[in-house]
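Below: the structure, in structure tokens.
The values are calculated or read from the model by the stated rules, or taken from the named source; none is laboratory data. All values derive from a computational prediction rather than experimental measurement. Because the Cβ atoms are built from the backbone with ideal geometry, glycine has one as well, and the counts that use them run over all protein chains shown. Just so you know, the surface numbers come from the protein's heavy atoms only, side chains and all, with ligands and any DNA or RNA stripped out. Shrake-Rupley method; radii C 1.70, N 1.55, O 1.52, S 1.80 Å.
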Amino acid sequence: MTTTYAVLSEGLAKRFGTVRAVQGLDLAVPQGTVCGVLGPNGAGKTTAVRLLTTLLRPDAGSARIAGHDLVRDPAGVRRRIGVTGQYASVDGDLTGRQNLRLFARLHRIRDAAARAAELLDRFGLTEAADRPASTYSGGMRRRLDLAAGLLRRPDVLFLDEPTTGLDPASRKQIWEAVRAVKEQGTTVLLTTQYLEEADRLADDIALVDRGRVAHTGSPSHLKALIGSYAEAVVADTDLLVKAAGVLDRLTGAEPSLDRERNAVGAVTTDPTLTLPRLVRELDAAGVPLLDASLRPPSLDDVFLRLTGHLADSKEPAA
């Protein structure tokens with residue numbers, strides 16, 4: 001069966017002076033899926049979104065968005081997409097309902113009032129619809145912004161770090177909204193700095209490193225490549241070597257020692273290694289513990305394992 005791609009880019013590049021913000025971006029997002037574009041600040045995510053949404057013109061490369069050529073038919077692209085940025089773009093002096101009606105009129109949407117009411121209900125904002133948006137919580141404002149991006153029923157919705165600065169409860173509300181958008185058949189391209197967010201929402205993840213896609217795959221595939229980090233904090237420095245031997249045997253990886261904290265840790269890709277097993281093995285080896293943990297990888301771990309370095313570039317504002 002032939003795969004239909006909602007977003008397909010090849011060799012997209014953008015330079016700002018001497019800074020290569022995006023260099024050779026290759027991305028393929030199947031229709032009706034969520035693609036998580038993962039990377040820290042400076043990796044090129046926001047510039048990539050600005051290119052794919054026609055806000056910037058690429059210096060090189062090509063792309064098709066919802067069947068329209070990015071360079072030859074930017075107006076066609078804009079008709080088929082919705083965009084929600086890192087910060088809510090709603091007017092705080094207007095009510096939620098007035099904000100959506102205003103955006104609907106700007107987009108020349110017929111029956112703006114009905115469409116606004118539909119989206120307010122869909123995102124759980126009906127009770128607050130006639131309050132000024134300035135009284136909304138951060139999560140409510142972001143949901144209203146997301147509703148505005150869906151007014152035209154886009155084929156592709158671009159979400160650029162939509163949960164930045166939100167508390168955990170608000171972040172989960174946005175996650176639920178994104179899942180609902182996907183269930184309606186909209187393709188979502190989501191940029192994020194949070195590995196957990198991409199893991200929860202994305203069908204596929206594109207790991208961006210210095211302006212290009214370094215690795216792609218499903219969340220489970222990416223996690224299998226990265227592994228988890230097992231760590232033990234021991235009571236005495238003299239026990240570090242013995243603890244390191246246990247972790248070496250359990251993980252098959254060379255442990256790292258932190259003598260200041262009396263800690264030893266190692267990366268593992270073994271799904272059978274659990275925290276209780278780690279504690280039992282160390283206890284059986286006669287290693288008294290102050291603490292032990294088995295945690296998912298951080299974004300720094302992702303970059304260190306898959307690119308060999310921490311992201312240190314700065315993405316220019318555009």
Tally, over the stretch 191-218, of residues that are part of a helix (DSSP H, G or I), in contact with a helix residue (DSSP H, G or I) (Cβ under 8 Å, 6 or more places away or on another chain) and either among the aliphatic types (A, V, I, L, M) or surrounded by fewer than 19 Cβ atoms within 10 Å (Cβ to Cβ) (or both): 5
From the list L12, L100, L56, which residue is in a helix (DSSP H, G or I), touching a residue at least 40 places away in the same chain (Cβ under 8 Å) and either touching a strand residue (DSSP E or B) at 6+ places or on another chain (Cβ under 8 Å) or open to solvent by less than 10 Å² (accessible area, probe 1.4 Å) (or both)? L100
Answer yes or no: is there a residue in the stretch 155-174 that is within 25 Å of H68 (Cα to Cα) and part of a helix (DSSP H, G or I). no
When R64 is evaluated against the numbered criteria (1) of a type outside the set (S, T, Y); (2) touching a residue at least 24 places away in the same chain (Cβ under 8 Å); (3) assigned to a helix (DSSP H, G or I); (4) open to solvent by 30 Å² or more (accessible area, probe 1.4 Å), which criterion, by number, is the only one it fails? (3)
Does the stretch 71-80 hold any residues that are under 20 Å from T46 (Cα atoms) and open to solvent by less than 10 Å² (accessible area, probe 1.4 Å), and which are they? V77
Answer yes or no as to whether L157 is under 22 Å from I205 (Cα atoms) and modelled with pLDDT of 95 or more. yes
Identity of the residue in the stretch 17-44, at pLDDT below 95, open to solvent by 20 Å² or more (accessible area, probe 1.4 Å) and out of contact with any Leu (no Cβ under 8 Å at 6 or more places or on another chain), that ends up nearest to V178 (Cα to Cα): N41
Within the stretch 258-274, work out how many residues are surrounded by 13 or more Cβ atoms within 10 Å (Cβ to Cβ) and not in a loop (DSSP other than H, G, I, E, B). 6
Just the residues that are assigned to a loop (DSSP other than H, G, I, E, B) and of a type in the set (V, I, T), please, taken from the stretch 275-292. V287
Looking at this structure, is A114 part of a helix (DSSP H, G or I) and either touching a Leu at 6+ places or on another chain (Cβ under 8 Å) or farther than 27 Å from P219 by Cβ (or both)? yes
From R212, R143, grab the single residue that is under 21 Å from T46 (Cα atoms) and more than 16 Å from the chain's Cα centre (by Cα). R143
Can you confirm whether the stretch 247-257 contains a residue that is open to solvent by 50 Å² or more (accessible area, probe 1.4 Å) and among the small types (G, A, S)? yes
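Every residue, every condition in (1) in contact with an Asp or Glu (Cβ under 9 Å, 6 or more places away or on another chain); (2) crowded, with 16+ Cβ neighbours inside 10 Å; (3) within 14 Å of L94 (Cα to Cα), yes or no:
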{"residue": "R110", "(1), (2), (3)": "no, no, no"}
{"residue": "A114", "(1), (2), (3)": "no, no, no"}
{"residue": "L119", "(1), (2), (3)": "no, yes, no"}
{"residue": "R122", "(1), (2), (3)": "no, yes, no"}
{"residue": "A128", "(1), (2), (3)": "no, yes, yes"}
{"residue": "S134", "(1), (2), (3)": "yes, no, yes"}
{"residue": "R141", "(1), (2), (3)": "no, yes, yes"}
{"residue": "D145", "(1), (2), (3)": "no, yes, yes"}
Residue in the stretch 45-60 that is closer than 18 Å to A202 by Cβ, in contact with a helix residue (DSSP H, G or I) (Cβ under 8 Å, 6 or more places away or on another chain), modelled with pLDDT under 95 and not β-branched (V, I, T) present: no
